[in-house]
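Below you'll find the structure, written out as structure tokens, and then a few comments.
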Amino acid sequence: MSSVIGGEFAIAADKAINATLPDDKWHMLPADGYFSSGRAALFAILSSIGEQEVTLLLPAYLCSSVTQTVRDAGWRYQFYDVQPDLYPDVSCLLVQLRQKQARAVLLINYFGLLRLDDVVAAIRRECPQVAIILDDVQHFFGFGQEPDFDFCFTSLRKWLPVPDGGLVKLGKRCCDTSLPAYDETLPFTAYKLAGNLLKSFPQLIPDDLCLELLKRGEELLDEQYRGGLSCATELLLRSIDIQKVARRRQANAAVLHRGLEKLGIAHGYQTDAVPLFVPIFLAPEQRDTVRRAFFQEQNICPVHWPKAEAGLSGNSEIYATELSLICDQRYGEQDMERQLAVLRDRVDL
Ligand SMILES: Cc1ncc(COP(=O)(O)O)c(C=O)c1O
């Protein structure tokens with residue numbers, strides 16, 4: 001039987017125990033605030049703005065943890081449209097920002113594919129009072145490189161074998177903002193760490209057991225997410241060659257891109273980006289069938305995202321058409337070819 005592609009990372013226990021302990025708490029990744037997750041980082045940003053019952057404009061294509069966090073922070077939200085090319089419809093967005101007298105807008109850099117300079121410049125020019133929050137959860141390797149945002153955040157555990165982590169950077173207009181500090185390491189981290197570590201002993205530990213731990217970790221994260229970055233993650237980061245991770249992801253994505261071009265399948269790709277996944281876009285009636293075919297081949301490719309809210313306006317199309325091909329650092333060219341072979345067999349071209 002062929003090996004599994006996808007699922008959560010295994011933490012290599014031998015690497016973890018050999019990581020060098022810092023003398024002092026010392027962060028591998030430069031940021032202005034360190035948190036347990038992306039949503040903890042977003043909550044800290046909204047809290048630091050220090051207002052409640054104000055409106056945040058959110059893209060209509062997003063993951064449900066974002067809306068939950070905004071509600072928890074006591075903010076209202078409205079959706080703006082995202083076009084099929086994943087960019088905001090800027091003229092509509094500007095009208096909405098004015099009409100709703102929004103306090104802030106959230107821009108998501110989907111799969112790290114967008115160049116948001118023009119969008120940010122238009123918002124600055126037309127609505128200078130609006131705070132711009134960039135969600136770089138899918139753009140870890142370009143985190144905070146977009147110009148002129150006010151707040152930017154990302155998340156670590158989807159990119160690297162670590163159990164938790166969320167980072168915030170402050171833009172120059174907000175450099176004096178004081179972000180809340182959450183010191184507590186949360187219960188979800190222990191479950192994720194246990195599940196990730198046990199995954200590195202596949203001959204001894206059944207996969208189901210690891211999955212149970214990881215699933216429980218995810219449930220606990222939904223219940224309680226406002227915490228700090230764990231020391232376990234700090235330590236594990238020191239055993240990871242981040243540049244090697246970037247190179248492997250880029251090489252894998254390039255293989256997928258070439259194959260997808262040949263097959264004529266619509267997908268998102270940028271040569272210089274380091275991708276989380278390579279998203280492909282299929283007809284809605286095909287997407288779930290193809291995903292099932294991937295599962296049969298032991299390929300656990302996710303979709304982004306299950307639709308967050310029934311009442312979402314506009315671009316519900318993307319929720320029904322997107323499928324994420326896996327290109328992370330655990331895999332190589334042959335694994336990419338395996339994914340392309342499934343598409344070759346199962347997509348009506
Ligand atoms: C675009 C986006 N923003 C925010 C989040 C929340 O990140 P976390 O799960 O680390 O809280 C996610 C999670 O999948 C996401 O995809």
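We did not get these values from a lab; they are worked out from the coordinates using the rules stated. Fair warning: this is a prediction, and the values are worked out from it, not measured in the lab. We place every Cβ from the backbone using ideal geometry, glycine too, and count neighbours over all the protein chains shown.
Using only Cα positions of segment 160-209, each an equal point scatterer, no hydration layer, compute I(q)/I(0) via Debye at q = 0.25, 0.28, 0.29 Å⁻¹ and quote the log10 values to two decimals.
Log10 of I(q)/I(0), two decimals: -0.98, -1.08, -1.11.
Which distance in nm do the two modelled labels at Leu204 and Lys172 give, with both placed 7 Å along the Cα-to-Cβ direction?
5.4
For segment 227-278, what's the relative contact order in percent, using C-alpha pairs closer than 8 Å and at least 6 residues apart?
Value for segment 227-278: 37 percent.
Using alpha carbons only, what's the Rg to Rh ratio of segment 13-156 with Rh from Kirkwood? Could you put the intermediate results ahead of the total?
Working: Rg = 16.5 Å, Rh = 16.2 Å.
With Rh from the inverse mean 1/r over Cα pairs, Rg/Rh is 1.02.
Which value results for Rg/Rh of the chain when Rg is the Cα radius of gyration and Rh the Kirkwood radius based on the inverse mean 1/r?
Working: Rg = 20.1 Å, Rh = 21.0 Å.
Rounded to two decimals, Rg over Rh is 0.95.
Two-decimal Rg/Rh of segment 242-346 from alpha-carbon positions, Kirkwood Rh?
Rg/Rh for segment 242-346 comes to 0.98.
If amide hydrogens are placed 1.01 Å from N in the peptide plane, which non-local residues have theirs closer than 5 Å to the one on Ile108?
Asp135
With label points built 7 Å along Cα→Cβ from the Cα atoms of Gln270 and Asp72, find their separation and express it in nm.
Taking the simple label geometry, Gln270 and Asp72 are separated by 2.8 nm.
At 7 Å along the Cα-to-beta-carbon direction for both Gln129 and Asp288, put a label point, then send me their distance in nm to one decimal.
Inter-label distance under the simple model: 4.6 nm.
What residues have an amide H closer than 5 Å to that of Ala131, excluding those fewer than 5 places away on the same chain, when H is modeled at 1.01 Å from N in the peptide plane?
For Ala131, the qualifying residues are Ala104, Val105.
Between Cys231 and Ser91, what's the calculated FRET efficiency when r is the beta-carbon distance and R0 is 35 Å? Round to 0.05. Don't jump to the answer; show the numbers that get you there.
Values: r = 47 Å, r/R0 = 1.35.
In this case the efficiency is close to 0.15.
Looking at the chain, identify the longest residue range that excludes and avoids all GluC sites (Glu not before Pro) in DSSP loops having at most 14 other Cβ atoms within 10 Å. Each step should come with its number before you reach the end.
Working: sites that count: Glu51, Glu53, Glu184, Glu309.
No qualifying site falls inside 54-183, the longest such stretch.
Which helices pass in the chain if a helix is a full DSSP H run, must span at least 15 angstrom along its long axis by Cα, and must have mean Kyte-Doolittle hydropathy not below 0.0?
Correct list, ordered by number: 38-49, 187-198.
So how many Lys-Lys pairs in segment 146-246 land under 24 Å Cα to Cα, not counting same-chain pairs under 8 apart?
10
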